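**Student:** I am attaching a structure below and will ask some questions about it afterwards.
The values are calculated or read from the model by the stated rules, or taken from the named source; none is laboratory data. All values derive from a computational prediction rather than experimental measurement. Heads up, the Cβs are rebuilt from the backbone with ideal geometry, glycines too, and the neighbour counts pull from every protein chain shown.
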Amino acid sequence: MNNHQRLVPEILNRFKALSTSTVSDALDKLALPGAVEGLAPLDPDSNIAGQAFTVAYLPAGHSGGTVGDFVDDLGPGDVVVIDNRGRTDCTVWGNIMTEVAKSRGIEGTVIDGVNRDLPETREYHYPIWSRRGHMRTGKDRVTLQAVGVPVCLGEVRVDPGDLIRADGNGVVVVPLAHVDAVLEAAEAIEKKEEAILHEIRKGVSLVRAREVHGYHALQTPTA
């Protein structure tokens, strides 16, 4: 199912070392969308970088519906991205899927919707971002439309293989075709911000340190 380009672990680790705030600034710098609104981590210390395995749900029809069994095919480096159209009345992820995902080394799950069995998930220390917790099952309320197709997290498009960076701040999506450029821009921004902090710790004023290193234009597109 994963026919997209696979990123080497070094790239994923370099992204993981950058906060979503920095990656978001880099996306702004390159005039790219990617900052997802409304999704929060179950555990604020969660921290992942991986490639999107996309899952699309629709409301169930008259013949009923089903949640998917797709996690059996995934593993390290994969992030499950579920588009349930922002629904908060029924869940598409629970403790059984959490246990399987954890055992397979899946990086985490990002849901435009809700998930249940939060205590069990916390026990497994499995990273999940969603709109909130809920208890009502999605069985017979949703149907699995497709996997490995373009989906949306809020207003942000996610294609299979796009890089997902998520931490305590939230979730950002980096289009696969722009991974190298975003990483370069993000690391440059990080270096500038570290230089500003270094100056401040030496006693330089905030205004002066920001001015010297061009803080207010770090995220401004150059073209």
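**Student:** State the number of residues belonging to the stretch 1-49 that are surrounded by fewer than 23 Cβ atoms within 10 Å (Cβ to Cβ) and in a strand (DSSP E or B).
**Tutor:** Matching residues across the stretch 1-49 total 4.
**Student:** I'd like the full set of residues that are within 17 Å of Q5 (Cα to Cα) and either touching a helix residue (DSSP H, G or I) at 6+ places or on another chain (Cβ under 7 Å) or not in a helix (DSSP H, G or I) (or both), limited to the stretch 166-185.
**Tutor:** Residues satisfying the conditions are V173, V174, P175, V179, V182, L183.
**Student:** Go through the stretch 40-57 and give me each residue that's of a type in the set (A, V, I, L, M, F, W, C) and under 13 Å from I164 (Cα atoms).
**Tutor:** Matches in the stretch 40-57: I48, A49, A52, F53.
**Student:** Still on this structure: In the stretch 94-161, which strands (runs of 3 or more DSSP E) lie fully inside it and hold 1 or more residues that are surrounded by 24 or more Cβ atoms within 10 Å (Cβ to Cβ) and touching an Asp or Glu at 6+ places or on another chain (Cβ under 6 Å)?
**Tutor:** Numbers: elements: 108-112, 128-130, 142-147, 151-153, 156-158.
Result: 108-112, 151-153.
**Student:** Additional query: Filtering the stretch 73-93 down to residues that are over 16 Å from Y126 (Cα atoms) and not β-branched (V, I, T), which residue is surrounded by the most Cβ atoms within 10 Å (Cβ to Cβ)? Reasoning before the result, please.
**Tutor:** To start, the set of residues in the stretch 73-93 that are over 16 Å from Y126 (Cα atoms) comprises 73, 83-91.
Among the residues that remain, those that are also not β-branched (V, I, T) are: 73, 83-87, 89-90.
Details: D73: 12, D83: 25, N84: 28, R85: 13, G86: 15, R87: 19, D89: 12, C90: 23.
Here the answer is N84.
**Student:** So, one more: When both residues are 6+ apart or on different chains and their Cβ atoms are under 9 Å apart, which pairs have a first residue that lies in the stretch 84-108 and is at pLDDT 95 or above and of a type in the set (F, W, Y), and a second that is part of a strand (DSSP E or B) and surrounded by 19 or more Cβ atoms within 10 Å (Cβ to Cβ)?
**Tutor:** Sorted first by the residue in the stretch 84-108, then by its partner, the pairs are W93/V80; W93/I82; W93/T109; W93/I111; W93/V114; W93/N115; W93/I128; W93/S130.
**Student:** Oh, and also: Being out of contact with any Cys (no Cβ under 9 Å at 6 or more places or on another chain) and over 26 Å from N169 (Cα atoms) is true for just one of G75, G68. Which residue is that?
**Tutor:** Values: G75 fails: over 26 Å from N169 (Cα atoms).
None of the other options fit; the residue is G68.
**Student:** From the list D117, D167, which residue is closer than 21 Å to V100 by Cα and either aromatic (F, W, Y) or out of contact with any Phe, Trp or Tyr (no Cβ under 8 Å at 6 or more places or on another chain) (or both)?
**Tutor:** D117
**Student:** May I pose another question? Select from the stretch 83-109 the residues that are under 12 Å from I128 (Cα atoms) and of a type in the set (G, A, S) and list them in ascending order.
**Tutor:** G94, A101, G108
**Student:** Can you tell me which of V172, V156, V114 is closer than 25 Å to D89 by Cα, at pLDDT 95 or above and touching a Cys at 6+ places or on another chain (Cβ under 9 Å)? Show your work before the answer.
**Tutor:** Values: V172 fails: touching a Cys at 6+ places or on another chain (Cβ under 9 Å); V156 fails: touching a Cys at 6+ places or on another chain (Cβ under 9 Å).
The unique qualifying residue is V114.
**Student:** Is it the case that A56 is in contact with a Pro (Cβ under 9 Å, 6 or more places away or on another chain), outside any loop (DSSP other than H, G, I, E, B), farther than 28 Å from E184 by Cα and not assigned by TED's automatic domain parsing to the domain that holds K191? Steps first, answer last, please.
**Tutor:** Details: in contact with a Pro (Cβ under 9 Å, 6 or more places away or on another chain): yes; outside any loop (DSSP other than H, G, I, E, B): yes; farther than 28 Å from E184 by Cα: yes; not assigned by TED's automatic domain parsing to the domain that holds K191: yes.
Here the answer is yes, as A56 does meet what is asked.
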